[in-house]
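Peer 1: This is the structure I have questions about; it appears just below.
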Amino acid sequence: MLGAGGRYHVPTVMDQQRLKAILSGRRRGPLAAAARAALSVAAVPYAAAMRVRRWAYRRGVLPSRAAPVPVICVGNLTTGGTGKTPMVAWVVRQLELLGRRPAVLTRGYKAVAGRSDEAELLRQLCGVEVVVNADRLAGAAAAARAGCDVCVMDDGFQHRRLRRELDIVLVDAAEPFGFGRCLPRGLLREPPSA
């Protein structure tokens, strides 16, 4: 995020706490109320688009496809850290103990030429093939060609194009449902199912 003077600003824990205080309604006053109102307006088209997308996948308008190997997805319903990366590493270890050859699929946030900080951390923690590809279906096919027999998809709940055999849902115990509202008014990545 760009700060004053065009310098790059990394959000701090304090910034996150302030944002959560506004989103939750704990922060009072006219500015906080105005911010919540503006974010509520912005959330309407986002939530509508996510509902249409979900409907399209459920009805087969947008197709989902199976990977050549089983897929386990580790994800969450809200933005923010819920421990997905350590859980991915734990799932990989459990699969290895069962004699499987897992690979990790990741979008690779801010990846450049298939490399990202996130992917490097996963490689260090898991010690297995980590495939960086925004198209998780193509990533799963590449992992299978490389010899894996099961894929663990990191943070892929919203990637509906790739079918999976198991979803592992992680939640933030302090705020499990993102203040009950969609981005940007709350922390939910998509509206609750009807």
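The values are calculated or read from the model by the stated rules, or taken from the named source; none is laboratory data. Every value quoted in this text rests on a predicted model; they were computed, and no experiment measured them. Reconstructed Cβ throughout: ideal geometry from the backbone, glycine too, with neighbour counts over all protein chains shown. Just so you know, the surface numbers come from the protein's heavy atoms only, side chains and all, with ligands and any DNA or RNA stripped out. Shrake-Rupley method; radii C 1.70, N 1.55, O 1.52, S 1.80 Å.
Peer 1: Within the stretch 150-187, track down each residue that is in contact with a Phe, Trp or Tyr (Cβ under 9 Å, 6 or more places away or on another chain), at negative phi and either open to solvent by 40 Å² or more (accessible area, probe 1.4 Å) or acidic (Asp, Glu) (or both). Let's see the steps before the verdict.
Peer 2: Our first condition is that a residue be in contact with a Phe, Trp or Tyr (Cβ under 9 Å, 6 or more places away or on another chain); within the stretch 150-187, this holds for 155, 160-161, 167, 169, 171, 182-187.
From what's left, at negative phi: 160-161, 167, 169, 171, 182-187.
Listed by number, the residues that qualify are ARG160, ARG161, ASP167, VAL169, VAL171, LEU183, PRO184.
Peer 1: Any residue in the stretch 29-40 that is of a type in the set (D, E, K, R) sitting within a Cβ distance under 9 Å of a residue that is surrounded by 14 or more Cβ atoms within 10 Å (Cβ to Cβ) and part of a helix (DSSP H, G or I)? List the pairs, counting only those 6 or more apart or interchain.
Peer 2: ARG36/ILE22; ARG36/LEU23
Peer 1: From the list ARG101, ARG18, exactly one residue is basic (Lys, Arg), open to solvent by 70 Å² or more (accessible area, probe 1.4 Å), modelled with pLDDT of 85 or more and closer than 30 Å to ALA140 by Cα. Which is it? If you could, list the steps in order and put the result at the bottom.
Peer 2: Details: ARG18 fails: closer than 30 Å to ALA140 by Cα.
Within the list ARG101, ARG18, the selection yields ARG101.
Peer 1: Can you pull out the residues in the stretch 44-83 that are within 30 Å of GLY147 (Cβ to Cβ), open to solvent by less than 30 Å² (accessible area, probe 1.4 Å) and under 20 Å from the mean Cα position of the chain (by Cα)?
Peer 2: Answer for the stretch 44-83, where residues must be within 30 Å of GLY147 (Cβ to Cβ), open to solvent by less than 30 Å² (accessible area, probe 1.4 Å) and under 20 Å from the mean Cα position of the chain (by Cα): ALA67, VAL71, ILE72, CYS73, VAL74, GLY75, ASN76.
Peer 1: Being under 17 Å from the mean Cα position of the chain (by Cα) and either farther than 14 Å from ASN76 by Cα or modelled with pLDDT of 90 or more (or both) is the filter here; which residues of the stretch 141-159 pass it?
Peer 2: First pass over the stretch 141-159, keeping only residues under 17 Å from the mean Cα position of the chain (by Cα): 151-159.
CYS151, VAL152, MET153, ASP154, listed by residue number.
Peer 1: Continuing with the same structure: Take the stretch 57-111 and flag every residue that is part of a helix (DSSP H, G or I), under 23 Å from ALA174 (Cβ atoms) and either free of Cβ contacts under 8 Å to residues at least 40 places away in the same chain or out of contact with any helix residue (DSSP H, G or I) (no Cβ under 8 Å at 6 or more places or on another chain) (or both).
Peer 2: Of the residues in the stretch 57-111, the ones part of a helix (DSSP H, G or I) are 57-59, 84-97.
Among the residues that remain, those that are also under 23 Å from ALA174 (Cβ atoms) are: 84-90.
Selection gives LYS84, PRO86, MET87, ALA89, TRP90.
Peer 1: Based on this model, can you work out whether ARG160 counts as assigned to a loop (DSSP other than H, G, I, E, B), farther than 22 Å from VAL69 by Cβ and basic (Lys, Arg)?
Peer 2: Details: assigned to a loop (DSSP other than H, G, I, E, B): yes; farther than 22 Å from VAL69 by Cβ: no; basic (Lys, Arg): yes.
So ARG160 fails the test.
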